[in-house]
Amino acid sequence: MALIRNEVFSCFVFYAVLLLVKMYIIAIITGQVRLRKKAFANPEDALRHGGLQFHREDPYVERCRRAHTNDMENIFPFLFLGAVYSLTGPSITVARLHFLIFFLCRVLHSIAYLFALRAPTRSVSYSLAQIPCFSMAVQILMAVSTYA
Amino acid sequence: MALIRNEVFSCFVFYAVLLLVKMYIIAIITGQVRLRKKAFANPEDALRHGGLQFHREDPYVERCRRAHTNDMENIFPFLFLGAVYSLTGPSITVARLHFLIFFLCRVLHSIAYLFALRAPTRSVSYSLAQIPCFSMAVQILMAVSTYA
Amino acid sequence: MALIRNEVFSCFVFYAVLLLVKMYIIAIITGQVRLRKKAFANPEDALRHGGLQFHREDPYVERCRRAHTNDMENIFPFLFLGAVYSLTGPSITVARLHFLIFFLCRVLHSIAYLFALRAPTRSVSYSLAQIPCFSMAVQILMAVSTYA
């Protein structure tokens, strides 16, 4: 259990879990929008909520889906990179900066997606969030290249 | 290699790997349905199997795809939460209960999806599976908040 | 930090990070194709790049999306299986073979997808990449079954 008492690893886990909770919230929002707009992906759900005519797509449901998919494409790799980066022994100040930038940019990304904020808010927050990820990837590759 | 000899971590890994195998099986089923129904996502696959008219969508292939995507949205976060939760030193009885509920609900979710069982079987199994995930997320946040 | 000095774990991390970088590159390509073909998933992006008529789908953008989704379905499970497999104490030669086969087949898979190579290049590389994954899954289940 030494890992969980490591300051950098704990800091990483804190932001990582908050980001997963953020993803769960997007899933809950998607479900609520499906119910409110009566737009179901499956005929069996439509049947339960009024009839097969509600087995249909809705632009806002699709927007929620895209926000969720983009999170999977970016937050899941962060879970791996952040965990391994924590093992390479970075300073807590530098590490926290990596995690915090990623966290804040991904929260902004979700807000920009769900509220359809004017471009390029969403793509700028996506791009900024990638900087700590590329940085961690490079530092990990340098750390393991001695052993790999 | 002390981690792999930890009872809680081993219990988690056991169910986690079975769930990944379950996901691989859904991918195999999707491929078989594509071949049987002749519905290919890529023109080069359609050309090999009879012609470009088979570059088309099929409702049951799309159902398999949705089951797979829902698994990614839920099982991948479990892989992270379960691993970190195991490091926080929970009792094996409580931990096994978390993993087992998630495992059984996600297997039921896949069955409900692939056999189009009457609503709300699928959404109830999805919601029940989220309970151990939220529980683990809260326990992890409490464990790291001392150090983060 | 003993983990990162473990030869098998370092070898795994090396290929895992390269595969994540490969996924980031596919995301960058998707964005570039969207700009070049003027095909945007969101109306706010289309508005910024010429008008709502560019809020549309494009076959090559969809191809990039499918390549990315297939990577999520396969590379993310590898991140988990490879990490846990490294903890089971395999020989470095056998482990490296697992990681290398997966790595090379997934790179070939992306090339076959993005260049629409003749079938069954893409599906063969997908299937070959699954062999080390199934092998690691079985070895992990055998390793933890003593403790689970």
message: Residues to consider are C:Q139, C:Q53; find the one that is more than 30 Å from A:R63 (Cβ to Cβ) and out of contact with any His (no Cβ under 6 Å at 6 or more places or on another chain).
response: C:Q139
- prompt: Within the group B:A39, B:A27, which residue is among the aliphatic types (A, V, I, L, M) and part of a helix (DSSP H, G or I)?
  reply: B:A27
task: Filter the range A:1-44 down to residues that are closer than 18 Å to A:T88 by Cα, at the interface with chain B (Cβ under 9 Å from one of its Cβ atoms), over 15 Å from the mean Cα position of the chain (by Cα) and not small (G, A, S), then give me how many there are.
output: 8
message: Kindly evaluate B:H98 against the criterion of being closer than 23 Å to A:Y24 by Cβ and touching a Pro at 6+ places or on another chain (Cβ under 7 Å).
response: yes
field: Check on A:L47, surrounded by fewer than 16 Cβ atoms within 10 Å (Cβ to Cβ), part of a helix (DSSP H, G or I), among the hydrophobic types (A, V, I, L, M, F, W, C) and within 9 Å of another protein chain (Cβ to nearest Cβ)
entry: yes
task: Kindly establish whether B:R34 is in contact (Cβ under 8 Å) with a residue 40 or more places away in the chain, charged (D, E, K, R) and assigned to a helix (DSSP H, G or I).
output: no
- request: Tell me the helices (runs of 4 or more DSSP H) entirely within the range B:54-148 that contain at least 1 residues that are facing chain A (nearest Cβ under 8 Å) and touching a Leu at 6+ places or on another chain (Cβ under 9 Å).
  value: B:59-87, B:121-145
message: For the range C:71-88, check the following and say yes or no: at least one residue is over 25 Å from B:A67 (Cα atoms), aromatic (F, W, Y) and over 17 Å from the mean Cα position of the chain (by Cα).
response: yes
task: State all residues of the range C:107-129 that are in contact with a helix residue (DSSP H, G or I) (Cβ under 8 Å, 6 or more places away or on another chain) and surrounded by fewer than 19 Cβ atoms within 10 Å (Cβ to Cβ); if no residue qualifies, say none.
output: C:V107, C:L108, C:L114, C:A116, C:L117, C:R118, C:A119, C:P120, C:T121, C:S123, C:L128
message: Suppose the filter is modelled with pLDDT of 95 or more and exposed (fewer than 15 other Cβ atoms within 10 Å of the Cβ); does B:L52 pass it?
response: yes
- prompt: Within the range B:49-63, can one find any residue that is free of Cβ contacts under 8 Å to residues at least 24 places away in the same chain and hydrophobic (A, V, I, L, M, F, W, C)?
  reply: yes
query: For B:R66, are the conditions met, namely being touching a helix residue (DSSP H, G or I) at 6+ places or on another chain (Cβ under 8 Å), loosely packed, with under 15 Cβ neighbours inside 10 Å and closer than 26 Å to C:F78 by Cβ?
result: yes
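The values are calculated or read from the model by the stated rules, or taken from the named source; none is laboratory data. Quick caveat, the model's predicted, so the values are computed rather than measured. Virtual Cβ from ideal backbone geometry, glycine too; neighbours counted across all protein chains shown.
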